[in-house]
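The values are calculated or read from the model by the stated rules, or taken from the named source; none is laboratory data. Here the structure is a predicted model, which is why all the values come from computation and not from measurement. Cβ coordinates were reconstructed from backbone atoms using ideal geometry, including for glycine residues, and neighbour counts include every protein chain displayed. Heads up: the accessible areas ignore ligands, DNA and RNA and are worked out on the full protein's heavy atoms, side chains in. Shrake-Rupley method; radii C 1.70, N 1.55, O 1.52, S 1.80 Å.
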Amino acid sequence: MTVETHIRQAIDRVHEEQAAIDGKQAAYKRFVTGVEGVAVETPTSQRGGLRTGPAATVAASSSGGSNSRRQVRERFAETVRPHSTADVDDPETLLETIGAELSEQVAMALAPQNMTGFTANLKQGVLSEAAQRRHELRAMERALDREETSLVAANDAIDELLAWIVDANETALTDCGFAALRARHERLDGFDDQCGTIAHERQSLLHATTSVDAQVGITQQELVNCLYDGFPVAYPVLSTIVRVEQICDECQRAIRAHLVRRV
């Protein structure tokens, strides 16, 4: 008897996402370190001195904006962007990616056509948005760890249960005595209760929220919706439990039929 549980596939998917989150966390760490090293600009430190009027506009346009803002864009392109666009179907510009990751306000402030320098407030704003994203990534990491733990526990329990059924089915019901049939039926009752426990624990997890420092929260349901998009089933564990319960019920009906004939 072979039962497609989809749980192993789900575990593999979680491992892929964990690797992606680890990579993005490392990328943000490098980005923050790079931004911290970028010099803050003052009006007199930009392009050799303070300029006003048309000359200033021409100078800014020809240089592609301030040097420090360009450095920040380059740091982002080298670190975070590859991890942000890895699963994006439609190509997007660097500023679009910055907007998606760090907010539209930061993207506008860092745009080459922006005449404002890389001020202390702008630098703090970039670092603040990056810190927020790092918190979100840590919340995602914890939620993925909880998902992995839940999937592995369910998979192990169901594998053990199915292994027993397969082994028991090696002995035909006609070769079992009355007591053996009763014992097998009772064991299947226990499996049904075990499936109910797994389902209850799984449902409780789906309603849970994972937070970091009480600042960022992600519900397990949101995570599951994203993780298993495109899967044959939306809920790998719960759909497997339903199938296993059906198998147990079929086995018990067959046993009861034999018991009735022997009464």
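Remarks
- Some residue of the range 174-197 being aliphatic (A, V, I, L, M), under 30 Å from the mean Cα position of the chain (by Cα) and open to solvent by less than 70 Å² (accessible area, probe 1.4 Å): no
- Pair list, Cβ under 7 Å, 6 or more apart: the range 146-162 residue of a type in the set (S, T, N, Q), other residue part of a helix (DSSP H, G or I): S150/R202; S150/L205; N155/I7; N155/R8; N155/I11
- Residues being assigned to a helix (DSSP H, G or I), surrounded by 14 or more Cβ atoms within 10 Å (Cβ to Cβ) and at pLDDT 95 or above - total across the range 31-55: 4
- Of all residues assigned to the range 81-91, at least one qualifies as being among the basic types (K, R), closer than 30 Å to A143 by Cα and modelled with pLDDT of 70 or more.
- Residue selected from the range 217-255 under the condition touching a Leu at 6+ places or on another chain (Cβ under 9 Å) and within 14 Å of D192 (Cβ to Cβ), by the criterion most open to solvent (accessible area, probe 1.4 Å): D249
- Check on T171, at pLDDT 90 or above, part of a loop (DSSP other than H, G, I, E, B) and more than 24 Å from H15 (Cα to Cα): yes
- Number of the exception - R146 against (1) within 30 Å of A199 (Cβ to Cβ); (2) open to solvent by less than 40 Å² (accessible area, probe 1.4 Å): (2)
- Qualifying residue in the range 108-127 (condition: open to solvent by 40 Å² or more (accessible area, probe 1.4 Å), touching a residue at least 40 places away in the same chain (Cβ under 8 Å) and either under 24 Å from T219 (Cα atoms) or part of a helix (DSSP H, G or I) (or both)): yes
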